[in-house]
Structure formats: structure tokens, C-alpha cells
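Each remark here refers to the structure printed beneath this line.
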Amino acid sequence: MSAAPQPLLSVERLTMRFGGLMAIDDLSLDVAARQITGVIGPNGAGKTTFFNCLTGFYKPTLGSVRLNHPQRGPMRLEELASHQVARTARVVRTFQNIRLFPKMTVLENLIVAQHNALQHASRFSLAGLFGLPGYRRAETAATEKAVGWLQRLNLIDKADTAAGELPYGMQRRIEIARALCVDPLLLCLDEPAAGLNPRESAELNELLKHLARDEGIAILLIEHDMSVVMNVSDHICVLNYGRKIAEGTPAAIQRDPNVIKAYLGEEDADEELHPEAVQ
Amino acid sequence: MSALVLAHHRISPTERLKDAAAVAFIALLLGIPMIGLTTIDQGGALRIATRWPALLAFIAACFVGRLLLRYGFDQLRARKLAREQAAAAVRDRNLAASPLLTWVGWGALGVSLALPIVFTDNRYVVDTATTVLIYVMLGWGLNVVVGLAGLLDLGYVAFYAVGAYTYGVLATQLGWTFWQALPVAGAMAASFGIILGWPTLRLRGDYLAIVTLGFGEIIRVILVNWTELSGGPNGITSIPRPSFFGLPFKPPGDDPTFASFFGLEYSPSHRIVFLYYLILALALLTNLFVSRMRKLPIGRAWEAMREDEIACKAMGINARNVKLSAFAIGAMLGGFAGVFFAARQGFISPESFTFNESAIILAIVVLGGMGSQLGVVLASLVLVLLPELGRDFAEYRMLLFGTAMILIMIWKPGGILAHREPTLRYLATTGDKR
């Protein structure tokens, strides 16, 4: 299906059940390296649950999530705890409702994202306590990396401002910058364009394309804003009621009758499925 | 954003005139049927009459009124903006260095160093100051758990008790000295911190508070009942006092004492002053340790954990280790303070480690401003000195104390010093490049 011979991430028969509710039903999906894979679907289709399963926040009821780590070889993400997914598998996510460290400055947010490397350099805080040169070098390197991302995401003027005091669109970018500081192999973005104005969302498109093409970061993107998804995605997977109903290139998805049915509804289900149309 | 507002309120006079003209035009449209035309009863028939002067006056009034109104609004907005900018400037200045607070800190250090020299013969003052410093140290220790890591701990006194009893038992039963027992008691308290932390890893907020409250009580009840080890309700008596590098503070005898070694005349105040400087040194070490930890990855992880635990996990931070380290280090510092307490009193019993103590230490942290080191000092002064000063009021003392706390929380809901100093700054790191 995908151009790459071996996918970076392959999700196989993933199922997540909450009591009687089948949030994800037998979902299989491949995510190629260096590509942007869009995950779309109506509200409640199971997109965020899918992310939670990938990143260790939920334990899937059935199925497997295999990551082909270029250095560490194959890994099973569903067996890892959430912090290990970010730390060892380098699969990093952002959140639908922004989760920054609001009272800490933007720079501190990005430094916290490099905790594991720094903690290692600080030798259980001992080298850090005495300010040994090894730790100082590591801290300078971490600051430089953070500053580099802040400059590229045009956030450097706000480096010393508390993250919670900044406008919404900026907070979205900070969250992405923070995730990038973990050096992700796969970046899972949960509705990064929500609440952005058209200009910001166009900038986001450029950023995502740049990250995938030039930085070689695979991106898994949940998004409702079709101008973003259709524009940047190489591949799109459509979920509805936890099932994959279509998969393919943006052009193919736009023509797919199942997708049109899921989004626009059919017959009498019309008003219920698409209340926005009434407004 | 502020640039936008700025551009919006700087309206040229012609724009104001245009705006007023638009209003006048609307007034004209509305005014023609409502004011310009009227009906008059003429011999039973209705006839339409015109009132152009009235309409003209109405339009003129709208035009002028709009001009004035707009001018007034713009003035108000400009003033509000200026006020906000001034506030932002103050905020930036606070962020820049807060030199005042630094000076207050150094001033407090100077005063605390000079205090026993000035009041050598006033045992009450030095004793009270020692008590203040114990609470300062406990506050700094609890600050790690509550202020930085955001874990509400209502049983902190348990670690204080563990430290005190560890020294008490080691000293009376095994003959250990203060300095030998100090690290052991700290390690003991730290392991109790982990014992408390482990089962409460998944708890937050109120639930965690209840468990820690219970933990504090469990430790106290064990101390009351485990008579063989702790002496039960009678406690442990005749705990040896710390010596000055092996020189005891005693009346001259066969062995060299502090007074005889330095050729001084023996005075009981030597020990009081020594204890004061000892706790001052311990407290300062605690402060140095906590301030440095805060700027290390582990300290930033504590604060990040307080801000958002889920985001921490998504960044690859092991929440369990971070929480346990906060509990362990906070407990260790409490244990050190406990050792000092036991050595100073020479007698400990479960009476000294009631929930009331936990509440006071927590009040010091909250009142001082969560995470603020200097705030803890100020709050300890308030919380220890207020009841002392209120002794003359006897039964109204606690009432005054409570009122003062309520008033502080009304005026300063974030604590006396709610300001948070960033652990590192972009401007500082790149100052030379700019």
C-alpha cells in the first residue's frame, strides 16, 4: 500500500473495548517513514482512543502495534508504558486540549521535554548539584536545541514567558516544539489546527510538510480541518464508529462513497450526524 | 495583540468625524419618520406635518454626542492600555531579577547571623529564633513535595518524627552521636517517604491528602504503642545534646569541654547559641540544596509533574521515579530537622508530632507562596511569632492567629510571595550574543 518497503509503524487488528463500547474495532494501519498519515472521522469515531492506544495511555484489548525502530529494531508499543513510548520508542504525541506546563516558561517547557538525556548527564543529580562540566555541557546543548526549535517555529521572542499566558495558537505551536525536542521518530498530532486562524493553519501545513520531507519525521495526524488534512497528508485513514471505512490518497478519499456517507449521513440520519450544516 | 489595540485606539480626527457622520446619517434615516414627520389632527382628519428644525437638532445632537462619546471611550481605553503596559513592565522587571527580594534574602541572612550575638543573654529570643528556623527548614523540605511537585502532603510530621526517633533510639540505646545519627536518620526518613509514596502514586489532590493524613497518624499511633522501642507515651528522655566537634557543652569537669577548650568561662548560653547556629547552618544547607535541585532536570520534572502529569508521561518522564524522589527528598529534609529537634529538646514524645504540626508546616508553605523559598521564611516568622506575641491575649491567641491567616489569604491568595523565578532564561544564556 505505502511506498516504503517496510512501514515504520504497523498497527494490526487493534481493538479497544470499554465495557460494551467498541471504541476501536479491528483496526489495521501502516504508517510509512517520512510521510504524513492523516486519521480522520466524525466525532467519536475513536481517533483519540487510537492515539491513546499507540502511546501507552490505554492498553488495547486486542491487537498489536509494531514499530520498526531504525536503531533498536522492532518494538511492541502496546507493551510499553506511556513514558517508555516517548523515551525508548520515540513516538511522541500532542494533545487535543493543549497540555503545556502553564506556569513554566516556554524554554523550560522545551527543556523538560529533554528530561531523560539531561537526567542521565546529571548522574542522578550529583553531577548537576556540583555543577560539573559534563552536566553543564549537556544543559547548554539542551538549551541550544530548544532555542533552535523556538527560532524555527517563530516563538523565540516568548522564550522566557510563562507558557500559560500566551495565546492559543502559540500554545499549539509550543506543544509541537516541545514534542520535537524529544527527537521523535513518529510524531502523533491530535488536532493541531484546532482553534488556529487561516494564516496560522497555512503555516502549520508548511511546518508539517517540512518536518516530514526535510527532518524525516513520520507524522500521524488527527485533524478535522480538511484544508490541512487534504493538503499535507500522503495517506489518509478514515474511521467511523471505531472501524476503518476507507484508506488511500487524499484524492481517493474525497471520492470514496463510504466516507461521504459517514460525513454527510444518509436518509433520515441526516440531521443527527451533521448538526453543523443546520447552523 | 497589544499592537492591535494600540492601532485601534489611535484614530485620526478625520476618522472620528467620519464615524460621527455615519452616526448622524443613521440618525437622519431613523429621524425622518420618527421626528421629521408627525401627524396632526385637523378637524377630525389626520394630516402629516414636518418638523425639520427638530430633526436637524436631533442629528446635530447625535453627531456631537457621538464625537464626545468616542473621544471619551478612546481616552479610557488608552488609559487602561497604559495601565496594562505599566503592569507588564513591572512584571518584566520582576522577571528580570527581582533585586528587592534578593536584598531581603541577604538582609534576613545578615540578621539571622547577628541575632545571637546581639541577644547573647536573652535566652527567650534565641530559643524562639531557633524554633522559627526549625519551621523554616521543615517548610523548605515540605516545599519540595507540595510547592514543587504539587503533592499535597498532610502527614509531613511523620518524617519529622521518624528523624527524631531514629536519633533518639540510636543515641540512647547504641550511644551514637548527633553527627553519626544525622545521615542515618535522613536515610531512614527518606525510606519512609518512599514507603508513603509507593502506594499513593496514582493519587492526586484530596485523595492523596487523606492518605498522607492517615500516614501521619499511623506513625504517631505506632510511636504511642510500640513501647519497647519508642517508650510509648512517655517518649524517650535524656537524649544527648550535640557536641562541638566532640567538645560537650558542660560545666568544667575532667574531660575537655567547649568552654575549657576555648578558655571561656562556662555559660549555659553557649549551648543555646550553638544550637541556633547549628539549625541555621542546616537550614541554609537545605535552602542551597533545594534551590539547586530546582534548577536540575529532576527539579524541573517535579514542577512539570505539578503542572501536568499526563504531559510529563508523553514527554518520556517516568512519573513514578519523579514522585518518589520528591517524597524521599522532602522526607529526608524533614528527618534532618527531626534529628535536630530531638537533640535540642533532649526529650521526645508522640505529643510533639501531632497533626497540628503538619498543618502548621503546610500553612507555612501555602502562606509563603507555593515553591517560594523566601516566602517560607516570612511565613514561618508570621506563624511562630504571632502566637508568641499573642501570649498576652491568652485565650484569644488562636483566634487572632486564625484571623491573621484569613486576612493574608484574602490579600495575597497566592501566598506572601507568589512569584515564580524561572530556572533558566533565554536572555541570560544568549546575553553576550545580543
Do we have B:M315 as over 29 Å from B:G107 (Cβ atoms), touching a residue at least 40 places away in the same chain (Cβ under 8 Å) and not small (G, A, S) here? no
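Could you please let me know if A:L187 is under 19 Å from A:L204 (Cα atoms) and in the same structural domain as A:I222 (by TED's automatic domain parsing)?
Spelling it out, A:L187 is indeed under 19 Å from A:L204 (Cα atoms) and in the same structural domain as A:I222 (by TED's automatic domain parsing).
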Residues being without any contact (Cβ under 8 Å) to a residue 24 or more places away in the chain and surrounded by 20 or more Cβ atoms within 10 Å (Cβ to Cβ): count how many of those fall in the range B:286-300. 2
Have a look at B:S269, B:S260 and point out the one that is assigned by TED's automatic domain parsing to the domain that holds B:V157 and touching a residue at least 40 places away in the same chain (Cβ under 8 Å). B:S269
Name the residue, out of A:R90, A:R123, that is within 26 Å of B:M305 (Cα to Cα), surrounded by fewer than 20 Cβ atoms within 10 Å (Cβ to Cβ) and more than 8 Å from every other protein chain (Cβ to nearest Cβ). A:R123
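Take the conditions outside the structural domain of A:V31 (by TED's automatic domain parsing), touching a strand residue (DSSP E or B) at 6+ places or on another chain (Cβ under 7 Å) and either at pLDDT 95 or above or under 15 Å from B:A311 (Cα atoms) (or both) and apply them to A:F51. Does it pass? I'd like the intermediate steps shown before the answer.
Details: outside the structural domain of A:V31 (by TED's automatic domain parsing): no; touching a strand residue (DSSP E or B) at 6+ places or on another chain (Cβ under 7 Å): yes; either at pLDDT 95 or above or under 15 Å from B:A311 (Cα atoms) (or both): yes.
So A:F51 fails the test.
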Hey, B:A326 assigned to a helix (DSSP H, G or I), aliphatic (A, V, I, L, M) and within 13 Å of another protein chain (Cβ to nearest Cβ) or not: yes
Which numbered condition trips up A:L67, out of (1) part of a helix (DSSP H, G or I); (2) touching a residue at least 60 places away in the same chain (Cβ under 8 Å); (3) within 24 Å of A:V229 (Cα to Cα)? (1)
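What about A:S64, is it within 18 Å of A:M22 (Cα to Cα), in contact with a helix residue (DSSP H, G or I) (Cβ under 8 Å, 6 or more places away or on another chain) and in the same structural domain as A:V228 (by TED's automatic domain parsing)?
Spelling it out, A:S64 is indeed within 18 Å of A:M22 (Cα to Cα), in contact with a helix residue (DSSP H, G or I) (Cβ under 8 Å, 6 or more places away or on another chain) and in the same structural domain as A:V228 (by TED's automatic domain parsing).
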Among the residues that make up the range A:192-202, is at least one of them outside the structural domain of A:A251 (by TED's automatic domain parsing), crowded, with 17+ Cβ neighbours inside 10 Å and not aromatic (F, W, Y)? no
Residue hits (the range B:303-318; at the interface with chain A (Cβ under 7 Å from one of its Cβ atoms) and either closer than 13 Å to A:P102 by Cβ or among the acidic types (D, E) (or both)) are B:E303, B:A304, B:E307, B:D308, B:A311
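Kindly evaluate B:R202 against the criterion of being surrounded by fewer than 13 Cβ atoms within 10 Å (Cβ to Cβ) and part of a loop (DSSP other than H, G, I, E, B).
When the stated conditions are applied, B:R202 passes them.
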Which members of the range A:15-49 meet the condition of being farther than 25 Å from A:Q71 by Cα and among the hydrophobic types (A, V, I, L, M, F, W, C)? A:M16, A:F18, A:L21, A:M22, A:A23, A:I24, A:L27, A:V39, A:I40, A:A45
Evaluate the following for B:V145: is it surrounded by fewer than 17 Cβ atoms within 10 Å (Cβ to Cβ), within 20 Å of B:L383 (Cβ to Cβ) and touching a Phe, Trp or Tyr at 6+ places or on another chain (Cβ under 7 Å)? no
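The values are calculated or read from the model by the stated rules, or taken from the named source; none is laboratory data. Computed from a prediction, not measured in an experiment: that's the story for all the values here. Every residue, glycine as well, gets a Cβ built from its backbone with ideal geometry; the counts of neighbours run over all protein chains shown.
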